[in-house]
Amino acid sequence: MIKLGKNEIFHVHTFRCKHAGEERDEEYIKKAIELGAEAIAFTDHGPFPGNIFGNRMGIEELPEYIHTLNSLRDKYKDQIKVYVGLEIEYFKGFDCMANGESHYKQLKAMEGLDFLMLGQHMYETGIGSYSFSLPKEDIKRLEAPGMGQSIVEGIATGYFDVVAHPDRTFRRRKVWDEELAQIGRSIIEQAIRYDVILEQNESSRKHKGQYWTEFWDMAKEISDSRPEGKELKVIRGLDAHETGELIVLE
Ligand SMILES: [Zn+2]
Ligand SMILES: [Zn+2]
């Protein structure tokens, strides 16, 4: 596996997502400089038209997010590289909206936004309906295949450079079985095929059921079987929601 992100701080949220600390963006950058990082990549939770989901910035806040971070990028350009990204779910309904537009294509076209990270926290169960509305018993069974499929489809669109915490797909399960192995394999192979990076999420390690060593062992095994230059790319991300969570990983 090719490991990326050495001496960088990757996957940082801001106050705009409504479940992070109140510190402003500049505080994160100052802390990152203090820690000796060469780069910091912001990936706050991306909005959707109509603000139909919680726990993220409003769509009307997006220009300010991009503008503020780009100003800070200029201000600190001699001390640290600042990348401006968004973490966002892939839903087909927003790739092909009623007006014929793609929300993701519009985001990709925004000046000052460097990259999109696919962070699948739920999946689309039908037009305008999502897995969080499924009955509890169904979600246990359906979430992993449903999210896995969304990730595989999302990667193929070419909109995303990174997939956040791919192994969180299995969070409702307790046992690694052949079904999960198949879902995992399809994500890993798709990432290699489209040269998309998979994130090993430090926050997932602290939560039961979110970090799966079985998945990462399989990723290594598949990657090792590929010719040189065609290996899987992996980056470690913090998923920091306050400045106190910033660290430079070894
Ligand atoms: Zn968050
Ligand atoms: Zn995140």
Taking the stretch 187-215 and keeping only residues that are assigned to a loop (DSSP other than H, G, I, E, B), at negative phi and open to solvent by 40 Å² or more (accessible area, probe 1.4 Å), one is left with Tyr194, Lys206, His207, Lys208, Tyr211
Of the residues in the stretch 90-122 that are touching a helix residue (DSSP H, G or I) at 6+ places or on another chain (Cβ under 9 Å) and aliphatic (A, V, I, L, M), the one that is farthest from Gly46 (Cα to Cα) is Met97
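Among the candidates Ala41, Ala109, single out the residue that is at pLDDT 95 or above and open to solvent by 10 Å² or more (accessible area, probe 1.4 Å).
Ala109
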Result of the Cβ filter at 7 Å on the stretch 9-37, keeping first residues that are touching a residue at least 60 places away in the same chain (Cβ under 8 Å) and partners that are more than 16 Å from ligand 2 (Cβ to nearest atom) and in a loop (DSSP other than H, G, I, E, B), at least 6 apart or interchain, is Ile9/Ala37; Ile9/Val248; Ala32/Ile80; Leu35/Val248; Gly36/Val248; Ala37/Asn7; Ala37/Ile80; Ala37/Val248
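Within the stretch 129-141, is even one residue in contact with a Ser or Thr (Cβ under 8 Å, 6 or more places away or on another chain), open to solvent by 20 Å² or more (accessible area, probe 1.4 Å), in contact (Cβ under 8 Å) with a residue 12 or more places away in the chain and away from ligand 2 (no atom under 16 Å from the Cβ)?
No.
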So for the stretch 218-240 (the condition being within 16 Å of ligand 1 (Cβ to nearest atom), touching a Gly at 6+ places or on another chain (Cβ under 7 Å), in contact (Cβ under 8 Å) with a residue 24 or more places away in the chain and not in a loop (DSSP other than H, G, I, E, B)), does at least one residue qualify? no
Counting only residues that are free of Cβ contacts under 8 Å to residues at least 24 places away in the same chain and either closer than 21 Å to Asn55 by Cβ or part of a strand (DSSP E or B) (or both), the stretch 142-153 contains a total of 1
(message) When you scan the stretch 216-233, do you find a residue that is closer than 25 Å to Ala39 by Cα and buried (at least 20 other Cβ atoms within 10 Å of the Cβ), even just one?
(response) yes
Examine the stretch 166-176 for a residue that is open to solvent by less than 50 Å² (accessible area, probe 1.4 Å), charged (D, E, K, R), within 23 Å of Phe10 (Cβ to Cβ) and in contact (Cβ under 8 Å) with a residue 60 or more places away in the chain, and state whether such a residue exists.
no
Considering the stretch 52-74, residues that are open to solvent by 30 Å² or more (accessible area, probe 1.4 Å) and in contact (Cβ under 8 Å) with a residue 40 or more places away in the chain, and then whichever is nearest to Glu26 (Cα to Cα), we arrive at Thr68
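Ile188 - would you say it is over 30 Å from Lys30 (Cβ atoms) and at pLDDT 95 or above?
Answer is yes for this residue.
The values are calculated or read from the model by the stated rules, or taken from the named source; none is laboratory data. Since this is a predicted model, take the numbers as computed values, not measurements. As a convention, Cβ positions derive from the backbone with ideal geometry for all residues, glycine included, and neighbour counts pool all protein chains shown. To get the accessible areas, we keep the full protein, side chains included, count just its heavy atoms, and leave off ligands, DNA and RNA. Shrake-Rupley method; radii C 1.70, N 1.55, O 1.52, S 1.80 Å.
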